[in-house]
Every structure is written in structure tokens, then in C-alpha cells.
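Encoded as C-alpha cells, the structure appears first; notes follow it.
The values are calculated or read from the model by the stated rules, or taken from the named source; none is laboratory data. What you see is a predicted model; the values in this text were computed from it and never measured. Positions of Cβ are backbone-derived with ideal geometry, glycine not excepted, and every protein chain shown enters the neighbour counts. Surface areas here come from the heavy atoms of the whole protein model, side chains and all, with no ligands, DNA or RNA. Shrake-Rupley method; radii C 1.70, N 1.55, O 1.52, S 1.80 Å.
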Amino acid sequence: MNLQQIQYFLALADELHFWKTSEKVFITQSALSRHIKSMEQELGFDLFERDKRNVKLTSAGEFLRDQYAKLLADYESVTRRARLIAAGEVGAIRIGFPASITFSVLPDLLLALHQKHPHIVAQMIEVDASDVDPFLLAHRIDIAFNRESAKAKGLTSSHLMTENFALVVPAGHRFADKREFKLQDLYKLRDEEFVLPALNGKSEHASQLRAIFQGAGFDPIIHVESDFGVALLGLVAKGLGISIMPISYSHHLKHEVNFIKIPPTSDLLALWREGDANPALQIFLQVIAAFDFKLAP
């Protein structure tokens, strides 16, 4: 017995007419009769009661009709899902991201993915910049957003956007009403306390911050060090210091802190494994390619 014979049986059970059924399934009436007879011989009992005018299901035939209909529906559902998985329309993608884009471009990007491919599950993992390459190489994530390009062999990256850095001050700060600062104007803040990532770090971000302070002509007084941007924002909001961060953080704590744009810029890139054939990843890369990474004001 095979799946096609079961389909013939269900069609005949629905029509209860050999000629009409043979036309419906595109085989001859004699071929249909042979398939049904073969099923009955294999099963060891009759599926239909037949005479010259009527075809009627036996009690066993009625039971098998209901059960086979369920099994066939399950088979078709499983097959459709397998096709979707193979096409990347169903599955999961593990995304590493920095906190800076949590409330800026990331939600809209995930919305675009969900609207076009609602059966792909995005698993979000906040990853420190220094861990991005190792996480990708260890297959702990499938793609990452980072402030620097891939360094490790076997990884590739794509530039997504460039944004300004900003001086971040609490709402009551003396410069809170300013919208922009020239780099040399930062010298006016040489006596204030800063909350910052460790400036002696090896990351591109730490290097950029060192360059900003060198351009401003002073070494900052650091009150607290943290590599977690959201934690730094909370400290600024409580008046424990001021900071310098990518301006995409301006979507956090809008009423408690102020962002003053400064000329230096920071890049955002997507990184993934070269040659990764994961269909869900390929679909997400298509969504990224079509997405407008322009930051909302």
C-alpha cells in the first residue's frame, strides 16, 4: 500500500462512484479498481460494498476513511512545513547585538523581518564587542551587529550605517540645552567626572573614545567604568557623571538625559560566517539589505 493508493481510496470514499472518481484523479476506471482491490487484499477485508448500481463503504472502510483523512492532512502539513524550513521561512536565527541599537534600528528591523517572514523566530543575545567573533565562530550566534568589522578568518561583514557620537549629560546639566558641540568645546568639560567604558581596552570603540579625548585635548576624570551602555546611561541620569556614546543610545531614557551631537562618528556593521547556508540567515540578510538604517531623530 502506498500514499497514492490511500489518496485514491479517499477520493472514492468521497464520490462513491468509480467513473466520477477516475476522472477526478486522472486514471482509468479499471486502474482505480485495481488499486482499491490491491488495498483490500493487503488489508484482508473489503473497503466497499459494490453492486452494478451502488458503491458503499463498509464499516471498516468508514473507519479507515476518517483515520486516513487525518493522517493525510498531517502528512501534507508536515510536508508544507518542511518546504518552508528548507526555504528559510520557518526556523530560528540567533542575533547578537549591542545595547546601543536596542531602542533605535533593531526593533524596526525585527518588525520588517516579522512582517515579511512571520514564522522565523529571532533569538536575541546581547554580546560584548570582543565576544562577537568568538561567538560566531563557535556557532553560538548566526549573525551579529557590531561597531567594528570582522577580524577572524572565516567571517565577513557588511557596513550598515554611520552615526555621530554624542556627549551625554543629565537633564539638569549646564549644557543640557545644547544640540551640538564642536570637538574642541569638550575641553570645557575637563574638570567634570565621566562614566565610560575602559579606555585602555583593545576594541575599536575604546580606540575611538581615546581619539575623541585626544582631539579635545584632555584626559577625562573617570568616576565609573562599564562596558554596558545602558548601565552608563542610568549613571548619567542619576548625575553620577557624563559620558560619550553613539547617538543611537538617544532612544533610551529620553526625559532623563540629553544627547549633544559631536563630530566624531561610529559605524554599525553586520557580521556573519562566510558560506553559511542557513536559509533563515539568507532571508535575514535580504531583509537587512532592503532596510533603511537611517536613524529617527
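Structure values in brief
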| item | result |
| --- | --- |
| Dipole magnitude (debye, nearest 20) for the chain, charges at Cβ of Lys, Arg, Asp, Glu | 560 |
| Neighbourhood net charge (14 Å Cβ-Cβ; Lys/Arg +1, Asp/Glu -1) for SER158 | -2 |
| All-pairs alpha carbon distance profile, region 1-154, 10 Å steps from 0, percent | 9, 26, 17, 10, 11, 14, 11, 2, 0 |
| Compactness of region 154-228 as Cα Rg over 2.2 N^0.38 Å, two decimals | 1.26 |
| Candidate aspartates and glutamates for bridging to LYS20, where Cα separation is under 20 Å - those fewer than 8 sequence places away on the same chain excluded | GLU49, ASP51, GLU62 |
| Of all accessible heavy-atom area on region 125-195, the percent that carbon and sulfur account for (1.4 Å) | 45 |
| Protein accessible area in region 211-266, 1.4 Å probe - carbon and sulfur % | 54 |
| Fraction of beta bridges assigned by DSSP in region 153-297 that are antiparallel (%, nearest 5) | 75 |
| Residue-averaged [θ]222 nm for the chain, counting only DSSP H segments that reach four residues, each worth -39500 (n - 2.57) | -12500 deg cm²/dmol |
| Of all DSSP beta bridges in the chain, antiparallel share, percent nearest 5 | 60 |
| Built amide H within the under 5 Å cut-off of ASP142, gap 5+ | ARG94, ILE95, GLY96 |
| HN-Hα J in Hz across region 33-39 - Karplus 6.51, -1.76, 1.60, θ = phi - 60°, x for Gly and Pro | 4, 5, 4, 5, 4, 5, 4 |
| Virtual paramagnetic centre 7 Å along Cα→Cβ of GLU76, amide N under 13 Å, in region 1-41 | 7-8, 10-11 |
| Out-of-range pairs (alpha-carbon distance over 30 Å; input LYS238/LYS261; LYS153/LYS182; LYS153/LYS261) | LYS153/LYS182; LYS153/LYS261 |
| Integer Hz, Karplus 6.51/-1.76/1.60 couplings in order for region 6-18, x for Gly and Pro | 5, 5, 5, 4, 5, 5, 5, 4, 7, 7, 6, 7, 5 |
| HN-Hα J in Hz across region 190-204 - Karplus 6.51, -1.76, 1.60, θ = phi - 60°, x for Gly and Pro | 4, 9, 8, 8, 10, 10, 8, x, 4, 6, 8, x, 9, 6, 4 |
| Spacing of the two label points (7 Å from each Cα toward its C-beta) at ALA86 and ARG34, in nm | 3.0 |
| Spatially near lysine pairs across region 31-149, Cα under 24 Å, sequence gap of 8 or more or different chains | 4 |
| Residue of ASP14, ASP177, ASP131 that the Gaussian network model of the chain assigns the largest fluctuation, springs spanning Cα pairs under 10 Å | ASP14 |
| Spatial separation of Cα centroids for region 167-204 and region 5-60, in angstrom | 82 |
| Cα-Cα separations in region 82-158 greater than 21 Å, expressed as whole percent | 32 |
| Cβ-based charge dipole, the chain, positive-most Cα from HIS205, GLY215, GLY91 | GLY91 |
| Amide H within-cut-off set for LEU155, under 5 Å, with H built and near neighbours excluded | GLU274 |
| Förster radius 35 Å - calculated FRET efficiency between ASP128 and PHE175 (Cβ-Cβ, nearest 0.05) | 0.70 |
| Placed amide H near ILE242: partners under 5 Å, 5+ positions off or other chain | GLU193, PHE194, VAL195 |
| Among LEU253, GLY154, ALA112 - extreme Cα towards positive end, dipole of the chain, charges at beta-carbon | ALA112 |
| Within region 175-279: Cβ-based charge dipole about Cα centre, in debye rounded to nearest 20 (Lys, Arg +1; Asp, Glu -1) | 240 |
| Relative contact order [Cα under 8 Å, 6+ residues apart], the chain, whole percent | 22 |
| Selected from GLN67, ASN2, GLN41, residue furthest toward positive end of dipole (region 1-137; charges at beta carbon) | GLN41 |
| Bins of 5 Å from zero: percent of alpha-carbon pairs in region 63-113 | 5, 15, 14, 13, 11, 11, 9, 7, 6, 5, 3, 1, 0 |
| Accessible area (Å², per residue) of the chain, counting only protein heavy atoms and a probe of 1.4 Å | 54 |
